[in-house]
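Worksheet: the structure to be examined is printed underneath.
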Amino acid sequence: MSDGERRRVLAEFLRTRRGRVQPGDVGIEAGLRRRTPGLRREELALLSGVSVTWYTWLEQARDISVSRQVLLSLARVLRLSPAETRHLFALAGQASPPAAAARGVTRALQRLVDALDPNPAYLLAPNWDLLARNRSEAGLVGPSGAGDGCEPNLIRMVFTLPRIRTLLVDWPGQARALLEQYRASADRNTGDESFERLTAALRRDSEEFRSWWDTHDVAEFEPARRAFDHPGLGRLTFDYVKLAAVDTPGVTLVSCLPSDEETAGKLPGLGDYAERGVPDGGSGG
């Protein structure tokens, strides 16, 4: 779809959604002179905090930029469903907001993560919160370190847990690669409070995060090989695969596949460490 076609579809979508909202639904008296159903353009513009002229241009499919904040405001006033909100963002050329992405883990997804055992696997939210993981992943990296009302978060674990620095072979290289992927996610979700709180905390708590963040380097996920010095099982090497959960927008599944026979042979032992805890210290044999 060309940009012009996308703008025309966006304009038509907004007109149909505007016509669906009754004035009384948003606290406006309908009056006797209203000839068309739904909200008027000026009413929607006022309720959404934008100018009538700008909103009129939007419905005229003009080539204007639309911020994420305005899209969220329009979605709120128009009472869009999560699916409609994602459609609105896509037509406006924006990534779906975390607020529109399902944060819960369906039973089927949890079963899939568990079924991948003994291969480590986990589910990530758009802001890198760790939504679920299987026994092998828990045995590989240990406790999440979440506390003080914080959700377990992968990027926070990498930059704030001393245990992870010794676990990851070439911690600086792996940590920076992950930060660049996180930076791309954060920049696509400018204004989202969950990203802003997490980024501010990491800039405060990690000198490396602060220094690398200020370079503005970004990257997308690519299949990668990562090595670990596990304190009980020794060297483990995995090939990482990342999949999007279509039925749970914004959630991704990451699976770690052994890259050599030695690692594959050690996988059953990860479950034991999930039960008794990963010891601190250097690697074992």
Ala102 passes all but one of the listed conditions (1) assigned to a helix (DSSP H, G or I); (2) aliphatic (A, V, I, L, M); (3) at pLDDT below 90; the exception is number (1)
Looking at the stretch 3-20 only, could you name the residues that are farther than 18 Å from Leu44 by Cα and touching a helix residue (DSSP H, G or I) at 6+ places or on another chain (Cβ under 9 Å)? Arg6, Arg7, Val9
Being at pLDDT below 95, of a type outside the set (Val, Ile, Thr), touching a strand residue (DSSP E or B) at 6+ places or on another chain (Cβ under 8 Å) and at negative phi narrows it down to one of Ala146, Ala175, so name that one. Ala146
Kindly establish whether Ala61 is of a type in the set (Gly, Ala, Ser) and in the same structural domain as Asp272 (by TED's automatic domain parsing). no
Would you pick out the residues in the stretch 195-220 that are modelled with pLDDT under 95, under 18 Å from the mean Cα position of the chain (by Cα) and among the β-branched types (Val, Ile, Thr)? Val218
Is it the case, given these coordinates, that Glu196 is touching a residue at least 12 places away in the same chain (Cβ under 8 Å) and either over 13 Å from Phe221 (Cβ atoms) or in the same structural domain as Asp229 (by TED's automatic domain parsing) (or both)? no
Restricting attention to the stretch 61-69, does a residue exist that is touching a Pro at 6+ places or on another chain (Cβ under 9 Å) and closer than 27 Å to Asn189 by Cβ? yes
Here are some residues: Arg76, Arg6, Arg18. Which one is loosely packed, with under 15 Cβ neighbours inside 10 Å, under 30 Å from the mean Cα position of the chain (by Cα) and in a helix (DSSP H, G or I)? Arg76
Set Gly234, Gly145: member being under 30 Å from Arg111 (Cβ atoms) and either surrounded by 14 or more Cβ atoms within 10 Å (Cβ to Cβ) or assigned by TED's automatic domain parsing to the domain that holds Ala90 (or both): Gly145
Say whether the condition of being out of contact with any helix residue (DSSP H, G or I) (no Cβ under 7 Å at 6 or more places or on another chain), under 23 Å from Ser73 (Cα atoms) and buried (at least 16 other Cβ atoms within 10 Å of the Cβ) is met by at least one residue in the stretch 180-188. yes
Does the stretch 39-73 hold any residues that are among the charged types (D, E, K, R) and exposed (fewer than 14 other Cβ atoms within 10 Å of the Cβ), and which are they? Glu42, Arg62, Asp63
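The values are calculated or read from the model by the stated rules, or taken from the named source; none is laboratory data. Source: prediction; values computed, not measured. As a convention, Cβ positions derive from the backbone with ideal geometry for all residues, glycine included, and neighbour counts pool all protein chains shown.
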